[in-house]
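**Student:** Got a structure for you, written out below as structure tokens; questions coming shortly.
Laboratory data are not the source of any read-out in this text; all were calculated from the coordinates shown. Computed from a prediction, not measured in an experiment: that's the story for all the values here. Neighbour counts are summed over all protein chains in view; Cβ atoms, including those assigned to glycine, are modelled from backbone coordinates with ideal geometry.
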Ligand SMILES: *[C@@H]1O[C@H](CO)[C@@H](O)[C@H](O)[C@H]1NC(C)=O
């Protein structure tokens, strides 16, 4: 039998060799950026993310496949991806804090973290008991945001895990909840509208105190007697064009044929009839705020608004495509 210390040494050596040879392969250009360096046999959250939160605020399950973020009076919490991407499909399952979550914001998003940053957001705005969460999406490009949309969901996001997914390619950003598109944001650079196409983005999740704005415009504050607040994450998947930190070059991801075919396979570029019907249903039934319709903030709608409108199905909605969608409760969502 091999002594334990020796097996450990062998294992360590093996890991070091793997990492070293992977580094050589990348440096030598043998492995394209889109390849799966992450195939090293590590738990998902260890392989993809790091966190500066302590172990009381960032908790990993024993198998490393479920992460919990914890918000209490001492600290907020978050995690960030170890690498960056330019274009791809980024997906996670999330379950947010039940009961009184007013003032909290639980997020899953991508950001370039630069001065004039690009960012694609899912933000759950907590609410009072009995009132549904509001799911806000937002898009920043070249440092300009202010493109919020808010919906209620057709299920209770505190009861179970659901999938939140961002499809991001040269033509379009599609925000998906389970199999339903909830928002389109098309590339309108031809109309002079910035689009996230020039900066690699990392992937983030966070849970923090947003009581200044999150619930009914900040009227309802966070109640610390309900802390700790917890948001749980699992099932992370990413298929994207990787832009490693040590190699700031994004040209490969912008122009290579290999990336193009990866994006064609991994991301959605347009909606099927079923998806268009579901998006229209969400837009007509669950949309509680849309910057495109906010004439107080924007007397002249943004130029991209008409192009991004989800209303693509003309006539009555084909019911066969709407199974599983129903409005949750009838209480008005917070604004
Ligand atoms: C805060 O939560 C506690 C426990 O749920 C409750 O008793 C109290 O009334 C709440 N405070 C406010 C200001 O709502």
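**Student:** Suppose R0 equals 41 Å; then what is the FRET efficiency for residue 309 and residue 226 from their Cβ-Cβ distance, rounded to the nearest 0.05?
**Tutor:** Working: r = 38 Å, r/R0 = 0.94.
Working from the Cβ atoms, E equals 0.60.
**Student:** Got a sec? How would 237, 211 order by Cβ neighbour count within 10 Å, fewest to most?
**Tutor:** Listing 237, 211 from fewest to most nearby Cβ atoms yields 237, 211.
**Student:** May I ask for the Rg/Rh ratio of region 26-312, computed from Cα atoms with Rh as the Kirkwood radius, given to two decimals?
**Tutor:** Answer for region 26-312: 0.96.
**Student:** Please arrange 50, 168 by counting, for each residue, the other beta carbons lying within 10 Å of its beta carbon, fewest first. It would help to have the intermediate numbers written out before the result.
**Tutor:** Numbers: 50 12, 168 26.
Neighbour counts put them in this order, fewest first: 50, 168.
**Student:** Could you pull out which residues in region 180-198 have an amide N less than 19 Å from a spot 7 Å beyond the Cα of residue 270, following the Cα-Cβ vector?
**Tutor:** The answer is 181-190.
**Student:** Over all alpha-carbon pairs in region 36-108, figure out the percentage whose distance exceeds 20 Å.
**Tutor:** That fraction is 37 percent.
**Student:** How many angstrom lie between the C-alpha centres of region 184-253 and region 57-136?
**Tutor:** After rounding, the separation between the Cα centres reads 8 Å.
**Student:** Within the P(r) computed for region 126-193, what percentage of the Cα pairs occupies the region above 14 Å?
**Tutor:** Cα-Cα pairs of region 126-193 separated by over 14 Å account for 65 percent.
**Student:** At a 10 Å Cβ-Cβ cut-off, how would you order 297, 131, 234, fewest neighbours first?
**Tutor:** Neighbour counts put them in this order, fewest first: 297, 234, 131.
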